[in-house]
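Where a number appears in this text, it was derived from the coordinates with a stated rule and is not lab data. None of these values were measured; they are calculated from a predicted model. Using ideal geometry, Cβ is built from the backbone for each residue, glycine included, and neighbour counts are taken over all protein chains shown.
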Amino acid sequence: MSIGYACILFGVAGCSFKACKLSNADEDNLRILAKNNLVILDRIIEYNIENNIKLFRISSDIIPFGSHPINQLSWRIEHKDLLDKIGGKIKEYRMRVSMHPGQYTVLNSPDPSVVNNAIRDLNYHARFLNALDTDASNKIVLHIGGVYGDKEKSIERFIENFYTLKEDVKRRLVIENDEKSYNISDVLKIGNHINIPVIFDSLHHIINPPSQSLSQYEWIKLAQATWKEEDGRQKIHYSQQAPEGKPGAHSKTIGIMEFMDFYNNLDGDLDIMLEVKDKNLSAIKCIICTADHLQAHLLEREWAKYKYLILSHSQSCYLEIREMLKNKNYLSAQNFYEKIEEGINSEPSKGSYINAAQHIWGYFKNYAEAKEKERFIKLLQKYNEGESEITPIKTFLLKLAIKYREEYLIQSYYFT
DNA sequence: TGACGTCAAGATCCG
DNA sequence: CGGATCTTGACGTCA
């Protein structure tokens, strides 16, 4: 079983993709951006390896305008070395990757030009996964599309258009239930008909359930039957509702209690793709909590990154977690993360913010320049008197952390 | 015609 | 001027 996350790293500096607008997508720009994004992808893959993350979705934006006629670059040839390097790492560490064209790639549209664009987009995704030399278990995830007032006809159109796809696309294509039109029952019918795997998406299923009253675990079992040997392990999407968001909005982080409850009721070996705002952070959390054995050293590593964030929200949670980590015999990863979540969810007070800022200042106070000290005191005073927010203090402290090369601080989630 | 979702570019605002 | 914050873009469907 693997647990992974989608597309981008959260809370890691220097790892974001670059993009451009169609209006300035000239050859030079596209070439520079593609190169940049592949270098970033390589870093992300390195990060995944370091953190034992073996499931990852590659962003469709990796090659800017990769499926648009404006991009005529032979990026596979130009960046062959880099692609080989990345593909080699993925294979060596047995990482499984995927791609997921968004809601605007619609294979079943009645408009032939929309279908044409969808096919072009699917071809691009297959080209990219081929360029990394990955096998057919590295999937392209697609939604069925629109309904256009007649679901049966629209399903037929999806099936017809599916058969026109290149073998390279078909062997990687998997379909997913969506939150609006095609529920898991619809998608299973299609998947079984054209003999391709089905991804069960947990949150879409809650928002758009089929009329049959089966449990989510029974639907997952039915989806499992659509995954063949060459498709690799069954994969599902898991996300939680953002408490104050619109229905379907992904939560900030994966609530570990709810996740473990879901996880413990699963049976069979499957891969779980998390869809969540804090991306890699939730993936690491869920991987550590579902490990066969407690890995206390990993919790220590996690604590190093979370501690100042927690301190800035709640000193009591900070102290409780510190205590927790001292008693290794009673340590539980789930308890650790539950406390982390409690800390993050506590409303910070002026005092807790100032306290954390002073802790961090402690790293610099012996060698900071006089005017830096002066600036820190002034910022703190302004914040204390309600004349500014906490942000300028955080920004200033991050600058110092970078200047004085305090790696420990630079990696802290306090700054994200 | 605007909302939907996603991310970063681009624009604008602020001290 | 640099940094923080708001708006736009690219895609297609649907109310």
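Here are a few things to note about the model shown:
- The single residue among A:SER98, A:SER137, A:SER109 that is outside any helix (DSSP H, G or I) and more than 21 Å from the chain's Cα centre (by Cα) turns out to be A:SER109.
- Residue, nearest to DNA strand C (Cβ to nearest atom), within region A:208-232, restricted to residues that are touching a Lys or Arg at 6+ places or on another chain (Cβ under 8 Å) and touching a residue at least 40 places away in the same chain (Cβ under 8 Å): A:ASP231
- Check on A:SER181, farther than 26 Å from A:ALA136 by Cβ and exposed (fewer than 14 other Cβ atoms within 10 Å of the Cβ): no
- Every residue from region A:369-413 that is acidic (Asp, Glu) and loosely packed, with under 12 Cβ neighbours inside 10 Å: A:GLU369, A:GLU374, A:GLU385, A:GLU387, A:GLU389, A:GLU407
- Which listed residue, of A:ASN51, A:ASN108, A:ASN36, A:ASN71, is in contact with a helix residue (DSSP H, G or I) (Cβ under 6 Å, 6 or more places away or on another chain) and away from DNA strand C (no atom under 16 Å from the Cβ): A:ASN51
- Taking the numbered list (1) surrounded by fewer than 16 Cβ atoms within 10 Å (Cβ to Cβ); (2) closer than 30 Å to A:ALA296 by Cα in turn, A:TYR337 passes all entries but (1).
- Single residue of A:ILE287, A:ILE236, A:ILE272, A:ILE256 found to be more than 16 Å from DNA strand C (Cβ to nearest atom) and closer than 18 Å to A:GLU342 by Cβ: A:ILE256
- Residue ID - nearest to A:LYS54 (Cα to Cα), chosen from residues in region A:1-11 that are more than 11 Å from DNA strand B (Cβ to nearest atom) and assigned to a loop (DSSP other than H, G, I, E, B): A:SER2
- All positions within region A:219-258 that are small (Gly, Ala, Ser) and part of a loop (DSSP other than H, G, I, E, B): A:ALA225, A:GLY232, A:SER239, A:ALA242, A:GLY245, A:GLY248, A:ALA249, A:SER251, A:GLY255
- Residues in region A:13-38 that are of a type in the set (A, V, I, L, M) and more than 10 Å from DNA strand B (Cβ to nearest atom): A:ALA13, A:LEU30, A:ILE32, A:ALA34, A:LEU38.
Residues are listed down the side, and each one gets a yes or a no for (1) within 16 Å of DNA strand B (Cβ to nearest atom); (2) surrounded by fewer than 21 Cβ atoms within 10 Å (Cβ to Cβ):
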residue: A:ILE220; (1), (2): no, no
residue: A:LYS228; (1), (2): no, yes
residue: A:LYS235; (1), (2): no, no
residue: A:SER239; (1), (2): yes, no
residue: A:LEU281; (1), (2): yes, no
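- Every residue from region A:356-368 that is more than 30 Å from the chain's Cα centre (by Cα), buried (at least 17 other Cβ atoms within 10 Å of the Cβ) and not aromatic (Phe, Trp, Tyr): A:ALA368
- Among the residues of region A:1-18, just one is touching a Leu at 6+ places or on another chain (Cβ under 7 Å) and within 16 Å of DNA strand C (Cβ to nearest atom), namely A:LYS18.
- Residues (in a helix (DSSP H, G or I), closer than 25 Å to A:ILE58 by Cβ, in contact (Cβ under 8 Å) with a residue 40 or more places away in the chain and not basic (Lys, Arg)) located in region A:259-284: A:ASN280, A:LEU281, A:SER282, A:ALA283, A:ILE284
- The single condition among (1) in a loop (DSSP other than H, G, I, E, B); (2) in contact (Cβ under 8 Å) with a residue 12 or more places away in the chain that A:ILE354 does not meet is (1).
- Extreme residue, surrounded by the most Cβ atoms within 10 Å (Cβ to Cβ), among residues of region A:194-218 that are of a type outside the set (S, T, N, Q) and in a loop (DSSP other than H, G, I, E, B): A:PRO197
- Here A:LYS170, A:LYS153, A:LYS166 are screened, and the one residue that is within 16 Å of DNA strand C (Cβ to nearest atom), among the charged types (D, E, K, R) and on the phi < 0 side of the Ramachandran plot is A:LYS153.
- When every residue of region A:143-157 is checked against the conditions, none turns out to be more than 15 Å from A:PRO110 (Cα to Cα), surrounded by fewer than 18 Cβ atoms within 10 Å (Cβ to Cβ) and more than 16 Å from DNA strand B (Cβ to nearest atom).
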